[in-house]
Amino acid sequence: MTVPTPLIAGNWKMNGLSAALGEARAVAAGAPAKGPRVAICPPATLIHRMGEALAGSPVKLGGQDCHPEPSGAHTGDIAAEMLADAGASLVIVGHSERRADHGETDDLVARKVMAALRAGLEPIVCVGETLEQRQAGEALSIVTGQVRGSLPTALGGKAFSVAYEPIWAIGTGLTPTTAEIEEMHRAIRATLRELFGAAADTAPILYGGSVKAANAGEILRAAEVGGALVGGASLKAEDFLGIVRAI
Ligand code: PEP
């Protein structure tokens, strides 16, 4: 059985001025050379300087979003090629905040995945249900539908990860039970096998939503959990390293 290399990725969202680079330096100094892969996805304004702060460390750099096109008249947007040029090697796509704030559909997310592949970036594709959908018993069908719609067949044989982030757990302090996380991660794994065959067994399925050092151990030990996408608790090096060390 293939076991994916775990990934712990910090999503700084719209947080972080130059002064916050000290936190990235502290993560770089404290990240284990062996163990999970570790990444930070800062706002675009910090990518280049964070690359310098992380240089020589095992910590990877990621973007939080990319446009499907490589260049052109798209004011305010960032091409995957620009992220790669600034030093990123990963990119988050389809985060629920982008799906909600910017009306991103599965189809658009799939095009962003294609852009990431074109630029040589490893996509972290986010999926997750609302509280209403979970309460209506629709969580599994919604999330596996997002996986089918957001992951193009071109991902076969490529490095990528899926982040399961229940929307009601993001930034709320709420988390699903371990049984709920395992049920969803198994369903995502089965869907990945249908789409890509056993080759996709190397793709980690991350959990995201109110992960912190105190709950990381239990979450990261759950079946089919191959790491975490971390929002709030990635902003302080000590909090983030506590999660990295929990694996
Ligand atoms: C996220 O938005 O990707 C996330 C997981 O946020 P938080 O850890 O703050 O819930």
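Which trypsin sites (Lys or Arg not before Pro) from the stretch 1-38 combine a DSSP loop assignment with at most 15 other Cβ atoms within 10 Å?
Numbers: sites: Lys13, Arg25, Lys34, Arg37; in loops: Lys13, Lys34.
Listed in order of number, the matching sites are Lys34.
Counting only C-alpha contacts under 8 Å and six or more residues apart, can you give the relative contact order of the stretch 1-104 as a whole percent?
24 percent
Holding the Cα-Cα limit at 27 Å, pick out from Lys13/Lys60; Lys158/Lys236; Lys158/Lys212; Lys34/Lys112; Lys112/Lys212 the pairs that are longer than that.
Working: Lys13/Lys60 16 Å; Lys158/Lys236 31 Å; Lys158/Lys212 29 Å; Lys34/Lys112 31 Å; Lys112/Lys212 29 Å.
Where the Cα-Cα span goes over 27 Å, the pairs concerned are Lys158/Lys236; Lys158/Lys212; Lys34/Lys112; Lys112/Lys212.
Determine the relative contact order of the chain: mean sequence separation of Cα pairs under 8 Å and six or more apart, normalised by residue count, in whole percent. Don't jump to the answer; show the numbers that get you there.
Numbers: 521 pairs, mean separation 52.3, N = 247.
Rounded, it is 21 percent for the chain.
Under a 5 Å amide H to amide H cut-off, with H placed in plane at 1.01 Å, what residues pair with Lys60 once short-range neighbours are removed?
Answer set, sorted by chain and number: Val38, Ala39, Ile40.
Net charge within 11 Å of Gly171 by Cβ-Cβ distance, Lys/Arg positive one each and Asp/Glu negative one each, not counting Gly171 itself?
That works out to -1.
Over the stretch 123-187, what is the relative contact order in percent, taking alpha-carbon pairs closer than 8 angstrom and at least six residues apart?
Numbers: 57 pairs, mean separation 29.5, N = 65.
Reported as a whole number, the value is 45 percent.
If you put +1 on each Lys and Arg Cβ and -1 on each Asp and Glu Cβ, how big is the dipole of the stretch 7-244 around its Cα centre, in Debye rounded to 20? All intermediate terms of the calculation are to be shown ahead of the outcome.
Numbers: 20 positive and 26 negative charges, 117 e Å.
The calculation lands at about 560 debye.
Here, each number is a calculation from the coordinates, and none is a lab measurement. The structure presented is a predicted model; accordingly, all values stated were derived computationally and were not measured. All Cβ positions, even for glycine, are placed from backbone atoms using ideal geometry, and neighbour counts span all protein chains on display.
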